[in-house]
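K.L.:
A single structure is presented below for examination.
The values are calculated or read from the model by the stated rules, or taken from the named source; none is laboratory data. Everything numeric in this text was worked out from a predicted model, so none of it was measured. We place every Cβ from the backbone using ideal geometry, glycine too, and count neighbours over all the protein chains shown.
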Amino acid sequence: MTAAADPACVVDAALSWLGTPYHDQASLKGAGCDCLGLARGVWREIVGPEPFPIPPYSRDWGEAGAVEVLAAGARRMMPEIDPAYAEPGALLLFRMRPRAIAKHVGIMTAEDRFVHGYERLGAIEQPLTPVWRRRIAFAFLFPAPDPG
């Protein structure tokens, strides 16, 4: 199994994106990001270069389908964990509507808080309320950087 990155480093990296304006499909700290762009930026800071290009994606949170595209992509590069055991530093994938695929991403910063890129608000930290917890569909750990 792949070793996980230091959770404190992941949390610090995620918090450093706070205040970045929302911009669909962007991933540049201070200039613009969406939820996936925030996670991609934290990946670059913690792990290194992104392993593959991200294809364009729809903003539709109600998108239905048989394939969990976001979760499948995360599984290619990150250890998956049971969302019930997610701790600070974990990447969370949210299902925003019932029967829709997971389309939103956040990073736990505390047992009861997370950072995410949110339309109109940018990169913000919010309480991980029961409403948000019910939406968690998948959880993953950032891998430790390759020492080579």
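K.L.:
Tell me, please, whether a residue that is in contact with a strand residue (DSSP E or B) (Cβ under 9 Å, 6 or more places away or on another chain), over 27 Å from Arg134 (Cβ atoms) and assigned to a helix (DSSP H, G or I) can be found in the stretch 44-60.
P.N.:
Within the stretch 44-60, one or more residues are in contact with a strand residue (DSSP E or B) (Cβ under 9 Å, 6 or more places away or on another chain), over 27 Å from Arg134 (Cβ atoms) and assigned to a helix (DSSP H, G or I).
K.L.:
A follow-up question, please. Looking at (1) assigned to a loop (DSSP other than H, G, I, E, B); (2) surrounded by 15 or more Cβ atoms within 10 Å (Cβ to Cβ); (3) touching a residue at least 60 places away in the same chain (Cβ under 8 Å), can you tell me which one Arg120 breaks?
P.N.:
Looking at each condition in turn, Arg120 falls short on (2).
K.L.:
OK, next. What number of residues in the stretch 12-58 are over 19 Å from His104 (Cα atoms), surrounded by 15 or more Cβ atoms within 10 Å (Cβ to Cβ) and not β-branched (Val, Ile, Thr)?
P.N.:
3
K.L.:
Write out, first by first residue and then by second, each pair whose Cβ atoms fall under 8 Å of each other, whose residues are 6+ apart or on separate chains, and whose first residue, in the stretch 66-95, is modelled with pLDDT of 95 or more while the second is exposed (fewer than 15 other Cβ atoms within 10 Å of the Cβ) and assigned to a loop (DSSP other than H, G, I, E, B).
P.N.:
Hits for this filter: Met78/Thr2; Pro79/Met1; Pro79/Thr2; Glu87/Glu111; Pro88/Glu111; Gly89/Asp6.
K.L.:
Could you please find all residues in the stretch 123-148 being closer than 18 Å to Ala14 by Cβ and in contact (Cβ under 8 Å) with a residue 60 or more places away in the chain?
P.N.:
Across the stretch 123-148, the qualifying residues are Ala123, Ile124, Glu125, Phe138, Phe140, Leu141, Phe142, Pro143, Ala144, Pro145.
K.L.:
Name the pairs: first residue in the stretch 21-32 and within 19 Å of Lys103 (Cα to Cα) and among the hydroxyl-bearing types (Ser, Thr, Tyr), second residue modelled with pLDDT under 95 and not in a strand (DSSP E or B), Cβ to Cβ under 6 Å, at least 6 apart or on different chains?
P.N.:
Close Cβ pairs (under 6 Å, with a partner that is modelled with pLDDT under 95 and not in a strand (DSSP E or B)) amount to Tyr22/Glu119.
K.L.:
Shifting gears a bit: Can you go through Met108, Met96 and tell me which one is under 26 Å from His23 (Cβ atoms), surrounded by fewer than 21 Cβ atoms within 10 Å (Cβ to Cβ) and of a type outside the set (Ser, Thr, Tyr)?
P.N.:
Working: Met108 fails: surrounded by fewer than 21 Cβ atoms within 10 Å (Cβ to Cβ).
Met96 is the lone residue from the list that is under 26 Å from His23 (Cβ atoms), surrounded by fewer than 21 Cβ atoms within 10 Å (Cβ to Cβ) and of a type outside the set (Ser, Thr, Tyr).
K.L.:
Does Gly73 satisfy being surrounded by fewer than 19 Cβ atoms within 10 Å (Cβ to Cβ), of a type in the set (Gly, Ala, Ser) and in a loop (DSSP other than H, G, I, E, B)?
P.N.:
Working: surrounded by fewer than 19 Cβ atoms within 10 Å (Cβ to Cβ): yes; of a type in the set (Gly, Ala, Ser): yes; in a loop (DSSP other than H, G, I, E, B): no.
No, not satisfied.
K.L.:
When the stretch 1-24 is examined, which residues are found to be at pLDDT below 95 and either assigned to a helix (DSSP H, G or I) or under 24 Å from Glu80 (Cα atoms) (or both)?
P.N.:
Taking the stretch 1-24 and keeping what is at pLDDT below 95, we get 1-4, 24.
Within the stretch 1-24, Met1, Thr2, Ala3, Ala4 meet the criteria.
K.L.:
Please count how many residues of the stretch 94-132 are of a type in the set (Ser, Thr, Tyr) and out of contact with any helix residue (DSSP H, G or I) (no Cβ under 6 Å at 6 or more places or on another chain).
P.N.:
As a first pass, look at the stretch 94-132 and keep what is of a type in the set (Ser, Thr, Tyr): 109, 118, 129.
This time we only want the ones that are out of contact with any helix residue (DSSP H, G or I) (no Cβ under 6 Å at 6 or more places or on another chain), so: 118, 129.
Within the stretch 94-132, residues that are of a type in the set (Ser, Thr, Tyr) and out of contact with any helix residue (DSSP H, G or I) (no Cβ under 6 Å at 6 or more places or on another chain) number 2.
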